[in-house]
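This report concerns only the one structure given below.
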Amino acid sequence: VCVSLDWWPDEKVDWSHHTWNASSVVALQEVRTELKRALASLHPVALRVGGTLQDLVAYDSEDRASPFDMSCPSSFRPAGDRAAFEGACVTLDLYDAIETLAYDTKTPLVFGLSGLHGRVREEGACPKCDSKNCDKCWTGRWSATSGGARSLLQRAAFHAKRGRGALAAVSLGNELCGQGGIAAHLSPAELAADFRRL
């Protein structure tokens with residue numbers, strides 16, 4: 001069994017309703033006690049942190065590059081593309097809180113890393129593909145440093161060395177491939193190369 005914790009901000013609207021009110025990763029501090037109780041009652045369960053917006057999240061580190069070099073911490077901002085929001089930056093303290101929650105509840109953590117770090121977004125929106133046209137929207141190649149993924153993984157390794165690690169797996173990117181891609185339309189070859197770099 002897997003429980004998923006997504007990145008959607010409270011401003012996200014589904015079917016004319018604000019459906020994510022204080023229930024995402026960004027509200028973790030507010031719902032920590034309830035979430036801890038829920039994870040404990042569902043044991044054994046894995047906690048997946050990720051989803052559509054994971055590709056637009058940067059992690060606090062000194063060597064981030066555009067477009068992931070926003071101030072940190074920062075919130076998601078509305079945008080006119082399919083994801084409806086653009087990037088946010090989270091502190092490594094938030095990652096610590098997530099991993100501590102997973103460790104304390106004996107819950108393996110599956111953390112979704114951005115598959116767009118290192119890539120540069122082309123001007124304009126990233127439209128849905130039609131049968132003849134599929135704009136890539138992002139160019140370049142994945143980088144562990146440009147969005148802070150290396151710093152996050154080093155933090156996870158530090159927890160593991162201290163015997164308090166809960167990170168069991170990472171995913172790289174979410175809904176980025178081909179015609180079904182949300183934030184980008186990368187090819188399978190590009191994604192395979194990114195996994196090798198990771």
Rounded to the nearest 10 degrees, what's the angle between the helix 149-161 long axis and the longest principal axis of the chain, both from Cα atoms, 0 to 90?
20 degrees
Measure of exposure for D14: accessible area at 1.4 Å probe, Å² rounded to 10, is 30 Å²
Lys and Arg at +1, Asp and Glu at -1: neighbours of W20 with Cβ under 12 Å from its Cβ sum to -3
Between R32 and H17, with labels modelled 7 Å along Cα→Cβ, what's the label distance in nm to one decimal, could you check?
3.0 nm
To the nearest 10 square angstrom, how much accessible area does S66 have with a 1.4 angstrom probe?
80 Å²
How many nm separate the modelled label positions at A157 and T91, each set 7 Å beyond the Cα in the direction of the Cβ?
2.4 nm
As a test, work out the antiparallel percent of DSSP beta bridges whose residues both lie in the chain, rounded to the nearest 5.
35 percent
Quick check: pseudo-label points 7 Å beyond the Cα along Cα→Cβ at E123 and A40, how many nm apart are they?
5.6 nm
For the Cα atoms of the chain, what angle does the longest principal axis make with the long axis of helix 28-42, in degrees from 0 to 90, nearest 10?
70 degrees
Tell me the Rg and the Dmax, in Å, that the Cα atoms of the chain produce.
16.7, 52
Report the residue, chosen from T91, T19, T145, that carries the largest GNM mean-square fluctuation when the chain is represented by alpha-carbon nodes joined by springs under 10 Å.
T19
I need the semi-axes of the equivalent ellipsoid of the range 1-54: take the C-alpha gyration tensor, multiply each eigenvalue by 5, square-root it, list largest first in whole angstrom.
21, 13, 10
Relative contact order (percent, whole number), the range 1-103, Cα cutoff 8 Å, 6+ residue spacing
25 percent
From phi via Karplus (6.51, -1.76, 1.60), per-residue ³J(HN,Hα) for the range 10-21 in Hz, x at Gly/Pro:
4, 6, 5, 10, 10, 6, 6, 10, 7, 9, 10, 3
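The values are calculated or read from the model by the stated rules, or taken from the named source; none is laboratory data. Quick caveat, the model's predicted, so the values are computed rather than measured. Using ideal geometry, Cβ is built from the backbone for each residue, glycine included, and neighbour counts are taken over all protein chains shown. Just so you know, the surface numbers come from the protein's heavy atoms only, side chains and all, with ligands and any DNA or RNA stripped out. Shrake-Rupley method; radii C 1.70, N 1.55, O 1.52, S 1.80 Å.
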